[in-house]
Structures are given as structure tokens and as C-alpha cells.
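Peer 1: Sending over a structure as C-alpha cells; questions will come in a sec.
The values are calculated or read from the model by the stated rules, or taken from the named source; none is laboratory data. Because the structure is a prediction, the values reported are computed rather than measured. All Cβ positions, glycine included, derive from the backbone under ideal geometry; neighbour counts span all protein chains shown. The protein model used for the area step is the full one, side chains on, heavy atoms only, and it has no ligands, DNA or RNA in it. Shrake-Rupley method; radii C 1.70, N 1.55, O 1.52, S 1.80 Å.
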Amino acid sequence: MIFLDAAATTPVRREVLDAMWPYLTGSFGNPSSHHTLGEAAAAALAQARAAVAGVLGCRQGEVVFTAGGTEADNLAVKGIALARQAADPRLDRVVISAVEHPAVEESARYLERFHGFTVDVVPVDGTGRVTPAALAGMLRPETALVSIMYANNEVGTVQPIAALAELAHAHGIPFHTDAVQAAGWLPLDTRELGVDAMSISGHKLGAPKGCGLLFVRSRTRLEPVIHGGGQERGRRSGTENVAGAVGLATALGLARNHQEVQRERVAALRDRFIHDVLAGVPDAVLTGHPSERLPSVASFCFPGTSGESVLLELERRGVVCSSGSACAAGSDAPSTVLTALGVSAEVAQTAVRFSFDSSVSQADLDHAAAAVRAAVAGVKNLGAGHSR
Ligand code: PLP
């Protein structure tokens, strides 16, 4: 089987598992306990936090460990908007982009439903990019927060985060980015990006599911969304997932050490794959930005097919991928991301996303490109047969 669905999740890396193992077994203590086992766990957590801070170019106290990307997004969007509104009740708007993950979009809608906020949605262009001009048109004196993702999970388009954050700051508005898909591939230095908050999830880069983090710049007010024993400096209660934090720190460190080499290697493989798919299926359409895209994502529409049928045909040929975002699993509605890019609902349901981790090889993608040609032809023949 060739697994080309790494944007959905990745297997845990051996080095990550090895680093986590002691904290799942012998050193299993609760970091809040005042005995040697607890102290060992607290020390491991502190070390993981320091390692993460090194990768993000931030202070250790600016790292809040969470149970994944969804929680980090919830904490950022709700936590920053509500804290700012508590300080100044006139702040009752949030700005998000039209292509956000549901973790951000639904957090903003929650603010709208229960806290009287208005959600302003910045449109994207046909490649999925938010332009600074489009964002500028949305910023108001009442805007409490701007949240725009670093890289999109369905089409891989990368946003000009530093420019967008600078624009928000020029209006005195904090800026959050969902970097769940970017982590492992793109630079994560929070000083260079100029962001006030940034979400990361472990399972997209070789750490387990259910561990993540939110970077929050120290001067940024944050209302917790999970209340309890006051862990993570009161910003996220709950006994810390020590092994998860160690795993996430290890995965981020590994990704940073190999990032530049892998980025170039995988981007070259992606470009060749895109070329081969477009050559093999002449009416296929690449979705997202032609160059400002994740090295790891190639996404297409195959007009005249259904994405789900192409997936089945591909799996029969040993290639596993996705018809879009795994996060909206079970939903038949056309992708809101693709419709925001101007793709018709009819064509949007023919979408297929191929996403790679750093172990991908030329041989895998040669096989996959041939499988795509055969799968699409198979689905079209079947369709023609039905309509006769
Ligand atoms: N944000 C983006 C862009 C994602 O792609 C995902 C997961 O697919 C998430 C957030 C949610 O992360 P998690 O699965 O860790 O909750």
C-alpha cells in the first residue's frame, strides 16, 4: 500500500516513540506530584517545553500544551477574543479566512452564537490566497482577533502570514495562525512570522494523535477554555500529557533538522507528480496555488468523475489518499474550501488530495501517477456505461 494521506495523519516515528516510552512506563509520574516520580515527569515536561520554544523562537512560558490542533485552535480563537472583549466590551468582531479548518471556523461561530460576536470572513482568490488588500478591507476598530491559517489542509495553499500579521498589528489587532499543516514543512519561527498565537498538532508530523500546542505571546491576553486545576499556568487545566509533549517536541526537532533538505526533495517529487497526473489525465485541474503550496500536497479535480469513486479505484490499485479533508468525514456537502476558491459544487465533488510525508519516494509517486490515470479512466468508462 502506498499511503498518500499524510495531511490526514502520519505514523508515529520510531525516534518519537523511543523518546516517549520512558514517560509511558517507568517514569509515569504526574508532573504535579511532589515526589521523585512527579519531579521526573515535571522535568521531562520542562525539557519538552524548552525544546519546542527553541524551534518556535519563543519563551518557554509562551508554549501551552494541548490535546491536539482542534483544542489549540479553540483556545486561541475563543480565548483571545473573549479575553479582549472582557477588557473592552466594544471588541465584538473576529476575522477569519474563507478556507479555515472547522476548528477555527466553528470556534468563531460559537462566539457569534453565544457571545454576540460578528464573524467577518475574508475571501480568498482562485488559488486560495488571502491578499493583504482583502484583509485590510475587513479590519475594524471592533475587531478583537484575526485568525488565518498558515497552509490549507485541502489544497496546500500557503498564506503570506508575516505580511498579514503585520497588517493586523498596524491596526492593533492580535493575529493567530493555524499552523497544523505547515508544521514540519515551513519555518515556524514566531518572531519572523510575527504572530501572537500559533496552533500545532503532533499527529501531522510523526507524533501521536491527541497532542498539540498553542504558542501564545506573553503579552497576549488569553481566557482559558478548559477550567480545572490550573496547569499550564492556568491557561489549560488537566493533567499534562507528558509523553505526548515529549513526543511532539521530538517530532518538531526532527522536522526542523531535516526541513530544508526534505522541503526541496519533496517539492521536486510533488512537481513531477503534478506534471505526470496532468499529462495522464488531460482534463484534470490542479487546485490551490501553483507554487505557494505545501511541498507535501498535490490536489486535483477530475471533472466527469466522482472523487469517492476515484478513491475506491485508487485503493484497488494500492494507493490510499483522500477526497479532501478527513476532518469533515461523512459529509456529502461540497468542500467549502473549494467553493471559496470558485470551484463549482459539481466539480468540487470530483476532488482528490494526495499528501506525502518525508518518506515518500519517486517510485511511490510513479506508481501513484499511473494508478491515477487508470483509476480516472476506469471511473469515466463506468459512468459512460451507466449512461448508455
Ligand atoms: N487545523 C488544520 C489545518 C488541520 O488540518 C487539522 C487536522 O486535520 C486540525 C486543525 C485539527 O487538528 P487535530 O486533528 O490535532 O485536532
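Peer 1: In whole percent, and with a 1.4 Å probe on the protein chains, what portion of the accessible area of the range 204-290 is carbon and sulfur?
Peer 2: The computed percentage sits at 50.
Peer 1: Another question, if that's okay. Taking all protein chains together and a probe of 1.4 Å, list His176, His101 from the most accessible to the least accessible.
Peer 2: The ordering from most to least exposed comes out as His101, His176.
Peer 1: When the chain is modelled as a GNM with alpha-carbon springs shorter than 10 Å, which of Val225, Val337, Val242 fluctuates the most?
Peer 2: Val225
Peer 1: Averaged per residue, what accessible surface does the range 134-221 expose to a 1.4 Å probe, in Å²?
Peer 2: For the range 134-221, the per-residue accessible area is 29 Å².
Peer 1: Continuing with this model, one more query. I'd like the Karplus ³J(HN,Hα) series for the range 284-294: coefficients 6.51, -1.76, 1.60, θ = phi - 60°, whole numbers in Hz, and an x wherever there's a Gly or Pro.
Peer 2: Here the 3J(HN,Hα) series is 5, 10, 6, 9, x, 7, x, 10, 7, 9, 4 Hz.
Peer 1: Using θ = phi - 60° and the Karplus curve 6.51 cos²θ - 1.76 cosθ + 1.60, what whole-Hz ³J(HN,Hα) does each residue of the range 205-218 get, with Gly and Pro shown as x?
Peer 2: Once rounded to whole Hz, the list reads 9, x, 9, x, 5, x, 9, x, 7, 10, 7, 10, 4, 4.
Peer 1: Under the definition of Cα pairs under 8 Å and six or more residues apart, what whole-number percent is the relative contact order of the chain?
Peer 2: 22
Peer 1: Let me ask something else about it. Amide H of Gly206: which non-local residues (sequence gap of 5 or more, or other chain) have their own amide H closer than 5 Å, using H built in the peptide plane?
Peer 2: The answer is Thr10.
Peer 1: Another question, if that's okay. Could you report the accessible area of Asp196 in Å², rounded to 10, computed with a 1.4 Å probe on the protein chains as they sit in the structure?
Peer 2: The value for Asp196 is about 10 Å².
Peer 1: Further, regarding this structure: Which whole-angstrom value gives the distance between the alpha carbon centres of the range 217-275 and the range 139-170?
Peer 2: Cα centroid of the range 217-275 versus Cα centroid of the range 139-170: 19 Å apart.
Peer 1: At 4 °C and a viscosity of 1.567 mPa s, what translational diffusion coefficient does Stokes-Einstein give for the range 18-161, taking Rh as the Kirkwood radius over Cα pairs? Give it in µm²/s as a whole number.
Peer 2: 74
Peer 1: Right, something else. What net charge do the residues around Val337 carry, taking every other residue with its C-beta under 15 Å from that of Val337, with Lys and Arg at +1 and Asp and Glu at -1?
Peer 2: Cβ neighbours under 15 Å give a net charge of -3.
Peer 1: List the residues, sorted by chain then number, that are 5 or more residues from Val122 or on another chain and whose placed amide H is less than 5 Å from its amide H.
Peer 2: The answer is Ile96, Ser97, Ala98.
Peer 1: What do you get when you divide the Cα radius of gyration of the range 14-254 by 2.2 N^0.38 Å, with N the number of residues?
Peer 2: 1.00
Peer 1: Aspartates and glutamates near Lys380 by alpha-carbon distance under 18 Å, same-chain residues fewer than 8 away left out - which ones?
Peer 2: Asp283, Glu308, Glu313, Glu315, Glu346
Peer 1: Which residues' amide hydrogens lie under 5 Å from the amide hydrogen of Asp5, considering only partners 5 or more residues apart or on another chain, with H built in the peptide plane?
Peer 2: Ser355
Peer 1: Might you report the magnitude of the Cβ-based charge dipole of the chain about its Cα centre, with Lys and Arg at +1 and Asp and Glu at -1, to the nearest 20 debye?
Peer 2: Value, rounded to 20: 320 debye.
Peer 1: To continue, here is another question. How much solvent-accessible surface does Cys58 expose, in Å² to the nearest 10, with a 1.4 Å probe and all protein chains in place?
Peer 2: Approximately 20 Å² for this residue.
Peer 1: Out of the DSSP beta bridges found with both residues in the chain, what percent are antiparallel (nearest 5)?
Peer 2: Roughly 55 percent of the beta bridges in the chain run antiparallel, per DSSP.
Peer 1: Which of Gly212, Ala50, Gly318 sits farthest toward the positive end of the charge dipole of the chain, with +1 on the Cβ of Lys and Arg and -1 on the Cβ of Asp and Glu?
Peer 2: Farthest towards the positive end: Ala50.
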